[in-house]
1. Would you mind stating whether residue 144 is charged (D, E, K, R) and either assigned to a helix (DSSP H, G or I) or open to solvent by less than 30 Å² (accessible area, probe 1.4 Å) (or both)?
2. For the range 194-204, enumerate the residues that are within 17 Å of residue 253 (Cα to Cα) and of a type in the set (D, E, K, R).
3. Out of all the residues in the range 140-159, is one or more among the hydroxyl-bearing types (Ser, Thr, Tyr), modelled with pLDDT of 95 or more and under 16 Å from the mean Cα position of the chain (by Cα)?
4. Could you tell me which of the residues 198, 231, 235, 242 is at positive phi, at pLDDT below 90 and out of contact with any Cys (no Cβ under 7 Å at 6 or more places or on another chain)?
5. For the structure I just gave you, tell me whether residue 159 is touching a helix residue (DSSP H, G or I) at 6+ places or on another chain (Cβ under 9 Å), farther than 23 Å from residue 94 by Cβ and not polar (S, T, N, Q).
6. If I ask for residues that are at pLDDT 95 or above and of a type in the set (Phe, Trp, Tyr), which ones from the range 245-279 would you list?
7. Got a sec? Which of 123, 129, 136 is in a helix (DSSP H, G or I), free of Cβ contacts under 8 Å to residues at least 24 places away in the same chain and either among the polar types (S, T, N, Q) or open to solvent by less than 60 Å² (accessible area, probe 1.4 Å) (or both)?
Amino acid sequence: MRSSNPVFSRRGFSRDNGYAGFGAQPQAGGPAAATQTQGNPYAQGNPYGGQQAPAGNPYATNPYAQQDVQHGAPQAPVSTTGRMTMDDVVMRTATTLGTLLVTAALAWALLPVDDASIGKSYGIAIGAGLIAMVLGLVQSFKRKASPALILTYAALEGVFLGVISSVVDNRIADGAAMQAVLGTMAVFVGVLVAYKAGWIRVNRRFYGFVMAAAMGFLLLTAVNLLFMVFGGGDGLGFRSGGLGIVFGIVGILLGACFLALDFKQVEDGIAYGAPKEEAWLAAFGLTMTLVWIYLEFLRLIAILQGND
């Protein structure tokens, strides 16, 4: 479901509770600080510095004014009691993705896509996808994480992915679903290794470039959809042929860039001592990004191997 793309998750994880900026920050109260924080969730100081900061926590003030380390992320706070840890993020992400995978498997098994049933199954999938999109937007604009909302989103998204994957795998390109899963896993591991090795530097310039590219991608997608609805056929041709292949590759690269932003947010959240419950927001953002990448892989494989 293209509307469930990770662009919206940026607001969910960082609006009103962003985890510092990329690079050194100006002194608090200065005119430059006020300008940079407007509209950029990554240009804020530590939002948790004044909220029950543990004694001896060197991050009670903005550490970027004091040090410059790789990726702009400070060291972890001294006390982690009640704070988000990597284990929390891993567990919440596993729970969210596990929910999605279970419902996807059930949808694949229980909603057949043969000629007699495909209309009904596709209708259920589209309905689940639209509800998941709405729930994703609601969570994206909420100030705090709602585990029930996130898991419901994951369950409904799984229904959508299960049916769509079954349609592509059984009617267009045999084995496409497994190939898309393997491709998504490869991108995740590759970006994680590149990020940890310092080959990807997530800073303000990177953030601005990715967001501008994503907005352009979404605009082209919306225009193509309008042409499809009112003009019929494949619209501007973004879903087939050479242009479709290029568009799919660009979509995968954008998803990889969003993974780097997700890793940066997790790293900064842990470093700044974000509340433990915000691990759900990290899981939500990662899940949306992985769904984006999977769908782009699925569409690309369908174009390359499709029989039609």
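The values are calculated or read from the model by the stated rules, or taken from the named source; none is laboratory data. Everything numeric in this text was worked out from a predicted model, so none of it was measured. Note: ideal-geometry Cβ built from the backbone for every residue, glycine included; neighbour counts use all protein chains shown. Only protein heavy atoms, including side chains, enter the accessible area calculation; ligands, DNA and RNA are left aside. Shrake-Rupley method; radii C 1.70, N 1.55, O 1.52, S 1.80 Å.
1. Working: charged (D, E, K, R): yes; either assigned to a helix (DSSP H, G or I) or open to solvent by less than 30 Å² (accessible area, probe 1.4 Å) (or both): no.
Answer is no for this residue.
2. Step one: filter the range 194-204 for residues within 17 Å of residue 253 (Cα to Cα), giving 194-195, 199-202.
Of everything in the range 194-204, just one residue is within 17 Å of residue 253 (Cα to Cα) and of a type in the set (D, E, K, R), namely 201.
3. Checking the range 140-159: at least one residue is among the hydroxyl-bearing types (Ser, Thr, Tyr), modelled with pLDDT of 95 or more and under 16 Å from the mean Cα position of the chain (by Cα).
4. On the way: 198 fails: at pLDDT below 90; 231 fails: at positive phi; 242 fails: at positive phi.
None of the others qualify; the one that does is 235.
5. Working: touching a helix residue (DSSP H, G or I) at 6+ places or on another chain (Cβ under 9 Å): yes; farther than 23 Å from residue 94 by Cβ: no; not polar (S, T, N, Q): yes.
Answer is no for this residue.
6. 258, 263
7. Working: 129 fails: free of Cβ contacts under 8 Å to residues at least 24 places away in the same chain; 136 fails: free of Cβ contacts under 8 Å to residues at least 24 places away in the same chain.
Result of the check over 123, 129, 136: 123.
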